[in-house]
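The values are calculated or read from the model by the stated rules, or taken from the named source; none is laboratory data. Bear in mind that the values here come from a model prediction, so they are computed numbers and not experimental data. Heads up, the Cβs are rebuilt from the backbone with ideal geometry, glycines too, and the neighbour counts pull from every protein chain shown.
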Amino acid sequence: MKFGRRRLAAAALTIVLVVGGLGLGTAQPQDEGTPININTADEVELMMLKGIGEAKAKAIIEYREAQSFETIEDIMKVSGIGEKTFENNKDRITVGETADE
């Protein structure tokens, strides 16, 4: 009976490692052709951007709660997001439609 439990435990561990290795349940980079709207994206979506972790995603959300992003360059107004992060993501972000579009 102990041998059967060990096999079951080993099989379960293998499944966990395989699923974990596939990255299921974690934020995955989205298709390069689908921009992320920094005015509406949730924390997980924002974390799909290069150089954006949990803290910066939360900072983006806090910033936009006070005022919306008018241009994609406005993301650099968020503390901790500079020109390098912007340059790495400028083709992957949008602010959505504006009144004059």
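One residue alone among I75, I81 is in a helix (DSSP H, G or I), β-branched (V, I, T) and within 20 Å of D42 (Cβ to Cβ), and that residue is I75. Scanning the range 48-72 for residues that are in contact with a Ser or Thr (Cβ under 9 Å, 6 or more places away or on another chain), outside any helix (DSSP H, G or I) and hydrophobic (A, V, I, L, M, F, W, C) turns up L49, I52. When the range 58-72 is filtered for residues that are under 16 Å from E43 (Cα atoms), exposed (fewer than 12 other Cβ atoms within 10 Å of the Cβ) and more than 16 Å from the chain's Cα centre (by Cα), only E65 remains. Considering the conditions (1) at pLDDT 95 or above; (2) surrounded by 10 or more Cβ atoms within 10 Å (Cβ to Cβ), V19 is excluded by exactly one of them, (1). On the stretch given as the range 84-98, residues that are in a loop (DSSP other than H, G, I, E, B), among the polar types (S, T, N, Q) and in contact (Cβ under 8 Å) with a residue 40 or more places away in the chain total 0.
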